[in-house]
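Since the structure comes first, as structure tokens, the remarks are kept for the end.
Please treat every number below as a calculation from the coordinates, not as lab data. Keep in mind that what you see is a predicted model, and the values were worked out from it rather than measured. We place every Cβ from the backbone using ideal geometry, glycine too, and count neighbours over all the protein chains shown.
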Amino acid sequence: LLAAKRLRLNPLAVLAGSHLSTPPIGAFLIALAILVGHLLQNGTWLRLSDIDPNRVGYMNLLRQGASDLIIGSVVCGGVFAVLTFFTLQAILHLIPTVRGTEPPVDPTAAPARSG
């Protein structure tokens, strides 16, 4: 949060984004990135036979898995960033703003008399 303040970022958005990398969600995000990357590169969904090292070889599996992960993580990261932005914008618009404790002054109203 200190870095968010120094970079003038919204602390709520930083906190929400940082909690997406927790271990239960992180494994899901990695698998999703690999699936999306494979889909974008090959045009088909990833099958178990595509990740069999006896069939495709270990180096080919590492090379393909790394490129799937890199491409998929960039795409998923962009999509999740946009979704997080609009979700937090909608939530923040629901929170009323605090202006001040005094009611606004009407400039056309007559001044109050003291006495």
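Loop-located trypsin sites (Lys or Arg not before Pro) in segment 26-74 (DSSP state other than H, G, I, E, B) with a sparse environment of at most 13 neighbouring Cβ atoms within 10 Å: 47. Modelled spin labels at residue 35 and residue 108, positioned 7 Å past Cα toward Cβ, are 6.0 nm from each other. Backbone phi angles across segment 87-93, fed through the Karplus curve with coefficients 6.51, -1.76 and 1.60 (θ = phi - 60°), yield HN-Hα couplings of 5, 5, 4, 5, 5, 5, 6 Hz in residue order; Gly and Pro are listed as x.
Over segment 32-94, the Kirkwood radius and the radius of gyration, each from Cα atoms, give a ratio Rg/Rh of 1.22. Each residue of segment 67-79 was assigned a 3J(HN,Hα) from its phi angle through the Karplus curve 6.51 cos²θ - 1.76 cosθ + 1.60 (θ = phi - 60°); the sequence is 5, 4, 5, 5, 5, x, 6, 5, 5, 5, x, x, 5 Hz, with glycine and proline shown as x.
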